[in-house]
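Student: Following this message is one structure expressed as structure tokens.
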Amino acid sequence: MTDSVPESTSPSASQWVVQSVPPEWQPPQGLIAAAAANAGGSVIDIDPAWVDDPDGYVPPGAVRGLFPVDEQGQLIREYRRNTAHTPPRDDFRNLYVDNEVPLMVLGDDPEGTVRAYLMNTVTSQVEGTEVEWIWVADTPGHQVAGKPIENDQVAVTRVALGIPFAMSVRPPERDREVLAGMFTIIWAGLDEPERRVRLWLDLGESLEWAVEQFPTRMHEV
């Protein structure tokens, strides 16, 4: 449980299904204390299968439900179940939003390609790290560069793709961690026999920041 909705979760009102609480049910002390500390708000029920720290980064699918809290800090005996809750899994749906050119560069299996790139980046830093789930947190940004060719056409030579992400990783003999930030992929030499690819993993950075880096990074590849 946590005493408010983390910024990383955004289930819409239409996802909540109201369920009555049996009269004999007694809330645990931790739930009562969380409600007292969040008068007029809500206490969120987080699935521990997704994350260990309910006050850290929490994907929408990890939210099982919530209890509203009245202005006196008392639980309202009404559980609101989140219909978007799922078991831990990858979620790449945002990868397909307004992203036609980068999807072509990613090939026939965009999700598999992005997952492999992310896994290789993480495991290259800490060998043996397991990736439990990956969530594309928002619509990626992209930029295309090219050069003029005959008949007033332009040949695409470089593509940059910035993916807002969160992922659960478990390094060997260490606790699970949830990493979040920007994952940037840049392809160059698309008009050449062999294209080049370079990856950046920027924890804690925003999409706006990553897009600002595109021009410089595209010409580094």
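Student: Return the inverse of the average 1/r over all pairs of distinct C-alpha atoms in the stretch 62-181, which is the Kirkwood hydrodynamic radius, in Å to one decimal.
Tutor: 17.6 Å
Student: Assigning unit charges at the beta carbon (Lys, Arg +1; Asp, Glu -1) and nothing else, what dipole magnitude in debye, to the nearest 20, does the stretch 50-157 show about its Cα centre?
Tutor: Taking the Cα centre of the stretch 50-157 as origin, the dipole is about 280 debye.
Student: Please name which of L75, Q153, L179 has its Cα lying farthest along the dipole of the chain towards the positive end, using unit charges on Cβ (Lys, Arg +1; Asp, Glu -1) and the Cα centre as origin.
Tutor: L75
Student: Here's another thing I want to ask about it. Taking only protein heavy atoms into account and a 1.4 Å probe, give the accessible area per residue of the chain in Å².
Tutor: Details: 11850 Å² over 221 residues.
With the other protein chains kept in place, the chain gives 54 Å² per residue.
Student: Name the residues whose placed amide hydrogens come within less than 5 Å of the amide hydrogen of T157, ignoring near sequence neighbours (fewer than 5 apart) on the same chain.
Tutor: Here the answer is A145, G146, K147, since their amide H atoms fall under 5 Å of that of T157.
Student: In percent, what relative contact order does the chain have, based on Cα pairs under 8 Å that are 6 or more apart in sequence?
Tutor: It comes to 15 percent, rounded to a whole number.
Student: Can you tell me the dipole magnitude for the chain around its Cα centre, using point charges on the Cβ only (Lys, Arg +1; Asp, Glu -1), in Debye to the nearest 20? Let's see the in-between values first.
Tutor: Values: 16 positive and 35 negative charges, 39 e Å.
With only Lys, Arg, Asp and Glu charged at Cβ, the dipole is about 180 debye.
Student: What residue among D175, D91, D70 shows peak mean-square fluctuation when the chain is described by a Gaussian network model with Cα springs under 10 Å?
Tutor: Maximum among the listed residues: D175.
Student: Gaussian network model of the chain, Cα springs within a sub-10 Å range: biggest mean-square fluctuation belongs to which of W135, W209, W25?
Tutor: W25
Student: The stretch 128-214: Rg/Rh from Cα coordinates, Kirkwood Rh?
Tutor: Reported Rg/Rh (Cα atoms, Kirkwood Rh): 1.12.
Student: Taking the square root of 5 times each eigenvalue of the Cα gyration tensor, what semi-axes in Å does the equivalent ellipsoid of the chain have, largest first?
Tutor: The equivalent ellipsoid of the chain has semi-axes of 42, 18, 14 Å.
Student: Counting only protein heavy atoms, what percent of the accessible surface of the chain is carbon or sulfur at a 1.4 Å probe?
Tutor: Answer for the chain: carbon and sulfur cover 48 percent of the accessible area.
Student: With +1 on the Cβ of every Lys and Arg and -1 on the Cβ of every Asp and Glu, and nothing else charged, how large is the dipole of the stretch 32-73 about its Cα centre, in debye rounded to the nearest 20?
Tutor: 80 debye
The values are calculated or read from the model by the stated rules, or taken from the named source; none is laboratory data. Remember, it's a predicted structure, so these values are computed and weren't measured experimentally. Every residue, glycine as well, gets a Cβ built from its backbone with ideal geometry; the counts of neighbours run over all protein chains shown. Keep in mind that these areas ignore ligands, DNA and RNA; they rest on the heavy atoms of the full protein, side chains included. Shrake-Rupley method; radii C 1.70, N 1.55, O 1.52, S 1.80 Å.
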